[in-house]
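Peer 1: Before I ask anything, let me first share the structure, which is written out below as structure tokens.
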Amino acid sequence: MSDLHNLSVKALASLLQTKEVSAVEVATRFLARMGGNPHNAFLDIDSEVTLAQARASDTKLADGTAGPLEGVPVAHKDVFVTRDFTTTAGSKILSGYRSPFDATVVQRLRTAGMVSLGKLNCDEFAMGSANENSAYGPVQNPWDSARVPGGSSGGSAAAVAAGLAPAATGTDTGGSIRQPASFCGITGIKPTYGRASRYGMIAYASSLDQAGPMARSAEDCALLLSAMCGADLDRDSTSLDMPTEDFAASLNNSLEGLRIGIPKEFFGEGLAADVRAAVDSALREYEKLGAKLVPISLPRTELSIPVYYIIAPAEASSNLSRFDGVKFGHRAKDYTDLVDMYKKTRAEGFGNEVKRRIMTGAYVLSHGYYDAYYLQAQKIRRMIADDFQNAFKECDVIAGPVAPSVAWKFGENANDPVADYLADIFTLPASLAGLPGMSVPAGFGAQGMPVGLQLIGNYFKEAQLLNAAHRLQQATDFHLQKPVGV
Ligand code: GLN
């Protein structure tokens, strides 16, 4: 089978269950494709580890103890700690770090049978929108190597788009699953805050961080999401005490009468014409499927940028204080005393964007500024969440663009971090509200670059989002398009 690398998670799982292919065969194919590390997507590959997992999966497939995704490969964003691979979160400060345990999400996917292909490149500590902030070099977009793959889960999106992995994990704090999925023409979902355990996910902004799957189709995302999610109360107090759900069960539900809310603030000036055209045509497709488009308003959309870029750095400045050279990773070589060691270690280990966020975060939390910035941002965050609840009185699902433009060229926003921040405008609101959101391929822009449609649901409505995305993917073939050579 020469096209193993282009098969869906679902197709691979069924070929493995019926023993038409072995897990070792599948793993070997992907490892071969990963050779030379195309697009700089991976940060750690260890074929011995992968093949050992594949052999264990083959044993389970033979003796009837296989999980539902037994033998299907997956690659993990380097923000999830893993025992068998290094974990750096894209930072020099964690260079070579090996965790003594696996993140809950990693462990749950392995329990479902998935074989790990290694660790994926990302922006340092998941801070970024272009993967240009990785200490290990940027990831190239498989559709055009002169362009960014999006961020921070850029390695995850590029690996799936390039057929280096059938699926990947990502994390989304302010858009890091949805935006790279959009830029690379794949499907990704960020579930409701609390659905997936954050245990072993290196913390960036804990009140926002969520794990989710990235794959070619909504159906594949549903299969992974069901395996990833579930209560983990002893280890993550914010994980939801809810039973695991079969997110694939309602994929084929009819969309007849579904009310899709169209926020006018997502279609204003600043939205590139080619993105708008692709999103509009996806919306017309939904009308053909029986859905009704309802105009709505999310009046504080613009405020989500300053609010997010106060809250996320505030939490980051606290979370990242643990990287001081004592317990984890890098320690400066020459220092005079403890404080000097902290200073030099952090000065050497962190990149510029991480330093910028730590300084911003410390500032907005500091005495005298806390009320003016942090507290104010928290209040507006609540209003943004309330705006969504108002909107959901009139609609079932909200739709709009994921990002204002297609993937930009490397260097275009260099030396202008605010340009990257502004491009997060459509993904930040759902993150601040803790709502589930996803990116679904909706067509191609002027330069042949993929465009993603964003779908936002109310709390715990992942099944509804996946249903809407799946029905669109039954009616269109954008998610099946591949970059040249894949
Ligand atoms: N671009 C946003 C940031 O830099 C979001 C990143 C993310 O979701 N991890 O913070």
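The values are calculated or read from the model by the stated rules, or taken from the named source; none is laboratory data. Quantities reported herein were computed from a predicted structural model and do not represent experimental measurements. Heads up, the Cβs are rebuilt from the backbone with ideal geometry, glycines too, and the neighbour counts pull from every protein chain shown. Areas reflect the complete protein model, heavy atoms only, side chains present, ligands, DNA and RNA absent. Shrake-Rupley method; radii C 1.70, N 1.55, O 1.52, S 1.80 Å.
Peer 1: Out of the residues in the range 406-438 that are open to solvent by 30 Å² or more (accessible area, probe 1.4 Å) and away from the ligand (no atom under 14 Å from the Cβ), which is farthest from residue 313 (Cα to Cα)?
Peer 2: Result: 409.
Peer 1: Given 407, 414, which one is farther than 26 Å from residue 297 by Cβ, over 21 Å from the mean Cα position of the chain (by Cα) and not basic (Lys, Arg)?
Peer 2: Exactly one of 407, 414 is farther than 26 Å from residue 297 by Cβ, over 21 Å from the mean Cα position of the chain (by Cα) and not basic (Lys, Arg), namely 414.
Peer 1: Would you pick out the residues in the range 106-151 that are of a type in the set (Val, Ile, Thr) and away from the ligand (no atom under 14 Å from the Cβ)?
Peer 2: 106, 111, 115, 139
Peer 1: Here's a follow-up. Do we find a residue being assigned to a helix (DSSP H, G or I) and open to solvent by 70 Å² or more (accessible area, probe 1.4 Å) anywhere in the range 30-52?
Peer 2: Looking through the range 30-52, at least one residue is assigned to a helix (DSSP H, G or I) and open to solvent by 70 Å² or more (accessible area, probe 1.4 Å).
Peer 1: Another one. Of all residues in the range 378-405, count the ones that are among the hydrophobic types (A, V, I, L, M, F, W, C), surrounded by fewer than 21 Cβ atoms within 10 Å (Cβ to Cβ) and under 27 Å from residue 131 (Cβ atoms).
Peer 2: 0
Peer 1: Also, quick follow-up: If you go through the range 309-318 one residue at a time, do you hit one that is touching a Gly at 6+ places or on another chain (Cβ under 6 Å), of a type in the set (Phe, Trp, Tyr), part of a helix (DSSP H, G or I) and under 28 Å from residue 383 (Cα atoms)?
Peer 2: The answer is no; no qualifying residue exists.
Peer 1: While we're looking at this one, here's another question. Here are the criteria: (1) within 15 Å of the ligand (Cβ to nearest atom); (2) buried (at least 24 other Cβ atoms within 10 Å of the Cβ). Tell me which single one residue 207 does not satisfy.
Peer 2: Every condition holds for residue 207 apart from (2).
Peer 1: Would you confirm whether any residue within the range 331-339 is basic (Lys, Arg) and exposed (fewer than 15 other Cβ atoms within 10 Å of the Cβ)?
Peer 2: For the range 331-339, residues basic (Lys, Arg) and exposed (fewer than 15 other Cβ atoms within 10 Å of the Cβ): present.
Peer 1: Taking the residues in the range 344-368 that are touching a Phe, Trp or Tyr at 6+ places or on another chain (Cβ under 8 Å) and of a type in the set (Lys, Arg) as candidates, determine which candidate is farthest from residue 318 (Cα to Cα).
Peer 2: So, considering only residues that are touching a Phe, Trp or Tyr at 6+ places or on another chain (Cβ under 8 Å) and of a type in the set (Lys, Arg), the one farthest from residue 318 (Cα to Cα) is 344.
Peer 1: Mind checking whether some residue in the range 455-462 is within 30 Å of residue 364 (Cα to Cα) and either within 14 Å of the ligand (Cβ to nearest atom) or hydroxyl-bearing (Ser, Thr, Tyr) (or both)?
Peer 2: yes
Peer 1: Against the condition away from the ligand (no atom under 16 Å from the Cβ) and assigned to a loop (DSSP other than H, G, I, E, B), how does residue 251 come out, does it pass?
Peer 2: In short, yes.
Peer 1: Condition first: under 12 Å from the mean Cα position of the chain (by Cα), polar (S, T, N, Q) and away from the ligand (no atom under 13 Å from the Cβ). Now tell me which residues in the range 170-204 satisfy that.
Peer 2: Correct list: 187 only.
Peer 1: Out of (1) buried (at least 23 other Cβ atoms within 10 Å of the Cβ); (2) under 17 Å from residue 102 (Cα atoms); (3) among the aromatic types (Phe, Trp, Tyr), the odd one out for residue 199 is which?
Peer 2: Status for residue 199: all satisfied but (1).
Peer 1: For the range 53-75, what are the residues that are open to solvent by 30 Å² or more (accessible area, probe 1.4 Å), touching a Gly at 6+ places or on another chain (Cβ under 8 Å) and either free of Cβ contacts under 8 Å to residues at least 12 places away in the same chain or not charged (D, E, K, R) (or both)?
Peer 2: Within the range 53-75, 66, 68 meet the criteria.
Peer 1: Evaluate the following for residue 353: is it in a helix (DSSP H, G or I), closer than 26 Å to residue 203 by Cα and of a type in the set (Asp, Glu)?
Peer 2: So residue 353 passes the test.
Peer 1: Just one of 307, 294, 339 is in contact with an Asp or Glu (Cβ under 9 Å, 6 or more places away or on another chain) and not acidic (Asp, Glu); which is it?
Peer 2: 294
Peer 1: Return a yes/no flag: does the range 321-335 have any residue that is away from the ligand (no atom under 16 Å from the Cβ) and part of a helix (DSSP H, G or I).
Peer 2: Scanning the range 321-335, I find at least one residue that is away from the ligand (no atom under 16 Å from the Cβ) and part of a helix (DSSP H, G or I), so the answer is yes.
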